[in-house]
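Novice: Here it is: the structure, laid out below.
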Amino acid sequence: MQVDITINGKPVRGDVETRTLLSDFIRETAGLTGTHRGCDTAQCGACTVHLDGKAVKSCNLLALQANGRSVATIEGLAAPDGTLHPMQQAFRECHGLQCGYCTPGMVMSAIDLLRRDPQANDAAVRHGLEGNLCRCTGYENIVKAVRMCAQRASA
Ligand code: FES
Ligand code: FES
């Protein structure tokens, strides 16, 4: 079946099977491999993208379910001149990553978290990111990064 999905503002058309996951469409049809696959069972959050502005685990959706809709991935966050999104910049400054495998999903979830709760405190950040697993950082610097981004946005 043919699907048309707008990804990072650009139309992407592809032929998919009914069982094709949105994460596979993003990585293999659109060639955007910043969206990672960690588990394919909706546990780890590495595949998190925005669907019509809301964070979703793209391994937990079919490509068909995104037909006609808009997806944003980590590749779409930075400005055309390379200026990082404020959340990416905060992760960079706070050392909110080590191996980086979880980072795209973590950043996409964190942006949605602050969209819903712009003043999120430490507990709210931890709660909001509990669907995103990181095996490296111990989460401290991730929480700091999200809080820094929130504080800068409200300054
Ligand atoms: Fe989607 Fe782990 S790959 S939640
Ligand atoms: Fe390695 Fe999070 S930085 S899994």
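All of the numbers you see were taken from the coordinates with simple rules; none came from a lab. Everything numeric in this text was worked out from a predicted model, so none of it was measured. Methodologically, a virtual Cβ is constructed for each residue, glycine included, from the backbone with ideal geometry; neighbour enumeration extends over all protein chains shown.
Novice: Determine, for Ser154, Ser58, Ser70, the number of other Cβ atoms within 10 Å of each Cβ, and report the residues in order from fewest to most. Kindly include the intermediate steps, with their values, before the conclusion.
Specialist: Values: Ser154 9, Ser58 30, Ser70 14.
Result, fewest neighbours first: Ser154, Ser70, Ser58.
Novice: Which ordering of Leu21, Leu64 is given by a fewest-first count of other beta-carbon atoms within 10 Å?
Specialist: Leu64, Leu21
Novice: Answer with one residue from Leu129, Leu61, Thr48: the one whose Cα lies farthest towards the positive end of the charge dipole of the range 1-147, charges on Cβ with Lys, Arg +1 and Asp, Glu -1.
Specialist: Selected residue: Leu129.
Novice: OK, next. Using modelled amide H (1.01 Å from N, peptide plane; none on Pro or chain starts), what sits under 5 Å from the amide H of Cys39, excluding residues fewer than 5 places away?
Specialist: Under 5 Å from the amide H of Cys39: Cys44.
Novice: Suppose every Lys and Arg Cβ carries +1 and every Asp and Glu Cβ carries -1, with no other charges. What dipole size does the range 20-155 come out with about its Cα centre, to the nearest 20 debye?
Specialist: Numbers: 13 positive and 12 negative charges, 37 e Å.
The dipole of the range 20-155 has a size of about 180 debye.
Novice: Arranged by the count of other C-beta atoms within 10 angstrom, fewest first, what order do Glu28, Glu130 take?
Specialist: With the fewest neighbours first, Glu28, Glu130 line up as Glu130, Glu28.
Novice: Go ahead and estimate [θ] at 222 nm for the chain from helices alone: -39,500 (n - 2.57) per DSSP H run with n ≥ 4, summed, over the residue count, rounded to 500.
Specialist: -9000 deg cm²/dmol
Novice: Please report the base-10 log of the normalised intensity I(q)/I(0) for the chain, using a Debye sum with one equal scatterer per alpha carbon and no solvent, at each q in 0.15, 0.17, 0.20 (1/Å).
Specialist: These q points yield log10 I(q)/I(0) values of -0.74, -0.93, -1.22.
Novice: Using unit Cβ charges (K, R positive; D, E negative) and no other charged atoms, how large, in debye to the nearest 20, is the dipole of the range 106-147 about its Cα centre?
Specialist: Working: 6 positive and 5 negative charges, 14 e Å.
Approximately 60 debye in magnitude.
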